[in-house]
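**Student:** Can you read through this structure? Questions will come right after.
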Amino acid sequence: MMHGTTNIKFTVKSKSGHNIDHMKNLAKTKVNPVHMKIGITTFKGLKNGRLLIETQNKTEIDVLIKRINEMYGEELEASTPKRRNPRLIIYSVPNELNIENTKELIMKQNSQLCIEKEDITPRYLFKGKRNANNLVIEVNSKTRMKFLGKKMKLDWNMCNVDDYIRINRCYKCSKFNHRAQFCKGTPTCPTCAENHSLREYKASKVKYFITRCLIWTSLTVPG
């Protein structure tokens, strides 16, 4: 049985605003993967202007990062991407709850979970359905497992907890998983899908309603 391999990656950014091709040429000048006996699986530019390099071995990654930073420390910076801690949403929290007292309330009323202060980082509150307050917190992986599938006791409330997943959408091209500042696509209205920005959308309320219904139907009705 064949098992898939997992690539280990790092990125290189320019300290002087050089483009991808320039960074590639610099890397190739003094970093020789053949002599270093390192197998490169990915060597390409990203939309955010960084250079992505992947191998199948963390030791190789560490060697490459050290080599690039030693050779080009004044121009380039190589580093492994930091993993973002998971975020959770706690639904319908008490109105009295705020960012400052969140940790204290969670720890005092949910002592059976054995939570420490450093395990929780409150991020923000926002209004959800029916004007209820929802709280987003950042936790580590172990704390996430403790919270999921349980109800959080907060003041007089029993609050549901779930993973909080927020998908980035570009305000320029209306596609997902990237931001407008890095977008090279064509301006596209998220309402009518024509080539203009949302600010330039000037349809009547009736046309807007019909357009939204057509879009919703196309997304929900099988082809």
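**Student:** Let me know the charge dipole size of region 8-79 about its Cα centre in debye, to the nearest 20, where only the beta-carbon of Lys, Arg (+1) and Asp, Glu (-1) is charged.
**Tutor:** 180
**Student:** How charged is the neighbourhood of Glu70? Take every other residue with its Cβ under 15 Å from the Cβ of Glu70, and add Lys/Arg as +1 and Asp/Glu as -1. Walk me through the numbers on the way to the answer.
**Tutor:** Numbers: positive: Lys15, Lys30, Lys66, Arg67; negative: Asp62, Glu74, Glu75, Glu77.
Residues near Glu70 contribute 0 overall.
**Student:** Please report, in debye to the nearest 20, how large the charge dipole of the chain is about its Cα centre when each Lys and Arg carries +1 at its beta carbon and each Asp and Glu carries -1 there.
**Tutor:** That gives a dipole near 600 debye.
**Student:** Using alpha-carbon positions, what is the distance between the centroids of region 16-35 and region 125-151, in Å?
**Tutor:** Each part reduced to its Cα centre gives a spacing of 44 Å.
**Student:** Could you please rank Val161, Val136, placing first whichever residue has the fewest other Cβ atoms within 10 Å of its Cβ?
**Tutor:** Val136, Val161
**Student:** Additional query: Report the gain in length on full extension from Leu113 to Ser16: 0.36 nm times residue separation, minus Cα-Cα distance, nm rounded to one decimal.
**Tutor:** That works out to 30.1 nm of additional length.
**Student:** Also, I was wondering about something else. For the chain, what does -39500 (n - 2.57) per DSSP helix run (n ≥ 4), summed and divided by total residues, give at 222 nm, in deg cm²/dmol to the nearest 500?
**Tutor:** -8000 deg cm²/dmol
**Student:** Follow-up question, since we're still on this one. Mean separation of Cα pairs under 8 Å and 6+ residues apart, divided by the residue count of region 1-108: what relative contact order is that in percent?
**Tutor:** It rounds to 34 percent for region 1-108.
**Student:** Under 17 Å from a label point 7 Å along Cα→Cβ of Val136: give me every residue in region 57-92 with its amide N that close.
**Tutor:** Label zone hits: 84-92.
**Student:** Taking the Cα centre of region 139-186 as origin, work out the dipole magnitude from +1 charges on Lys and Arg Cβ and -1 charges on Asp and Glu Cβ, in debye rounded to 20.
**Tutor:** 200
**Student:** Compute the distance in nm between two label points, each set 7 Å from the Cα along the Cα-to-Cβ direction, one at Ile99 and one at Asn195.
**Tutor:** That separation, rounded to one decimal, is 4.2 nm.
**Student:** Now a separate question. Strictly greater than 27 Å: what percent of every Cα pair in region 35-171 meets that?
**Tutor:** Value for region 35-171: 45 percent of Cα pairs lie more than 27 Å apart.
**Student:** Right, here's the next one. With the radius of gyration and the Kirkwood radius both derived from the Cα set of region 87-163, what is their ratio Rg to Rh?
**Tutor:** Using Cα coordinates only, the ratio equals 0.91.
**Student:** Let me ask something else about it. log10 I(q)/I(0), Debye, Cα-only region 8-79, no solvent, q = 0.13, 0.24, 0.28 Å⁻¹?
**Tutor:** -0.31, -1.12, -1.52
**Student:** Would you be so kind as to identify which of Tyr72, Thr42, Gly17 lies farthest towards the positive end of the dipole of region 8-79, taking Lys and Arg as +1 and Asp and Glu as -1 on Cβ and the Cα centre as origin?
**Tutor:** Towards the positive end, the residue furthest out is Thr42.
**Student:** Given a Förster distance of 35 Å, report the FRET efficiency between Lys58 and Gln181 from their Cβ-Cβ distance, rounded to the nearest 0.05.
**Tutor:** Step by step, r from the Cβ atoms, then E = 0.65.
**Student:** State, as an integer percentage, the relative contact order of the chain based on alpha-carbon contacts under 8 Å between residues 6 or more apart.
**Tutor:** 15
**Student:** Evaluate E = 1/(1 + (r/R0)^6) for Lys37 and Lys82, where r is the Cβ-Cβ distance and R0 equals 22 Å; express this FRET efficiency to the nearest 0.05.
**Tutor:** 0.20
**Student:** So, one more: Tabulate in residue order the Karplus-calculated ³J(HN,Hα) for region 120-134, using 6.51 cos²θ - 1.76 cosθ + 1.60 with θ = phi - 60°, rounded to whole Hz; enter x for Gly and Pro.
**Tutor:** Along region 120-134, the couplings run 10, 10, x, 9, 6, 10, 8, 7, x, 5, 6, 6, 7, 7, 10 Hz.
None of the figures in this text is laboratory data; all of them are computed from the coordinates on show. Computed from a predicted structure; not experimentally measured. Every residue, glycine as well, gets a Cβ built from its backbone with ideal geometry; the counts of neighbours run over all protein chains shown.
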